[in-house]
Amino acid sequence: MQHSESCVQSFRNDLRVAISLLFLASMHTETPPPPPPDDDDIREVQHFATILRAYDNYLPWARRRLRRLADDYARLGAPHRAALRLDEKLEAMHRAAEANGAAIARLVAPHRAHVGSDVLHMFVLADDGRGGVRATAAAGAAYVPESDMEKVQSTLKQCVREWGEEGEEERREAHTPLLTALRETVPVGGGEARVLLPGAGLGRLAWEVARLGYKAQGCEFSYFMLLASNFIMNGLGGERVVIHPWVLQTCNTRSIEDAVRPAEVPAVSPAELEATCNL
């Protein structure tokens, strides 16, 4: 019995010492360690890394597609190749794709720091071979889904639709009725009227609304669009960048010249908003 009581007393003494040490240690801890990331945070980072990976894959993907075109052309007989004379045109397509790759590299460069080098951040969503996707190590992801590469291509075309000279007529037909209805329905009122634009894409319509004197807020779900809009509206500083959005579009195209034609964006600098505008 006495031995049991002495063991309990010894345990109590040890416990008091441990509590004292923990208290002293807490006094010397300036900041508590950050909580571990939850599943939603991890998935968000994985998704963001997947978008960056798709943009990074544009140039290798474009080169593979152009290589297949060149291989098909090379398999033709000499008379057919002489009739088509595609050598220089294929070279022009390669140059256009390289220019797109250079522009995309500038687009994604500022965002790599947001992913970081943590092991959890080195995972992306990749094809699982059964029509779905799964999280896998970036280095082990076999390829980027074709659907993601189509989104990259679509984003390049969207740059011209919203910010290029070629998209001016379409913007006039699509945006002007909306802006007219907005002015008639919601008077500017000294800049106090606020307008939310869901599905803002690359931000052109939000920019136009802000230019009218409204407080405009764009809202966009797609990271493909968000990264591109940030590049155009904040990353160029008044500079224009040349892209070739249609270089890989071989259907419904009259000529290679149509496919490789350049487009400068933005045709108007987003920074040209007056200081009183609120975007």
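The values are calculated or read from the model by the stated rules, or taken from the named source; none is laboratory data. Quantities reported herein were computed from a predicted structural model and do not represent experimental measurements. Cβ sites come from the backbone with ideal geometry, for glycine too, and all protein chains shown count toward neighbours.
Miscellaneous remarks
- Set R211, R172, R161: member being touching a Cys at 6+ places or on another chain (Cβ under 7 Å) and closer than 21 Å to L273 by Cα: R211
- Of the residues making up segment 152-198, those that are modelled with pLDDT under 95, within 19 Å of C219 (Cβ to Cβ) and surrounded by fewer than 16 Cβ atoms within 10 Å (Cβ to Cβ) are V186, R194.
- Single unsatisfied condition, W207 versus (1) closer than 19 Å to E170 by Cα; (2) more than 20 Å from the chain's Cα centre (by Cα); (3) hydrophobic (A, V, I, L, M, F, W, C): (2)
- Residue that is surrounded by the most Cβ atoms within 10 Å (Cβ to Cβ) [pool: residues in segment 226-279 that are within 24 Å of the chain's Cα centre (by Cα) and at positive phi]: G238
- Checked against (1) β-branched (V, I, T); (2) in contact with a Gly (Cβ under 6 Å, 6 or more places away or on another chain); (3) modelled with pLDDT under 95, V265 passes all but condition (3).
- Flag for R12 being at pLDDT 80 or above, in a helix (DSSP H, G or I) and among the basic types (K, R): no
- Condition check for A113: modelled with pLDDT under 95 and either over 22 Å from F224 (Cβ atoms) or not in a helix (DSSP H, G or I) (or both): no
- Test: L212 is modelled with pLDDT of 95 or more and either over 23 Å from V45 (Cα atoms) or aromatic (F, W, Y) (or both): no
- Options V108, V119, V17: the member that is at pLDDT below 90 and either touching a His at 6+ places or on another chain (Cβ under 6 Å) or surrounded by 10 or more Cβ atoms within 10 Å (Cβ to Cβ) (or both): V17
- Verdict on E170 being acidic (D, E) and within 26 Å of V108 (Cα to Cα): no
- For L90: the one exception among (1) part of a helix (DSSP H, G or I); (2) without any contact (Cβ under 8 Å) to a residue 24 or more places away in the chain: (2)
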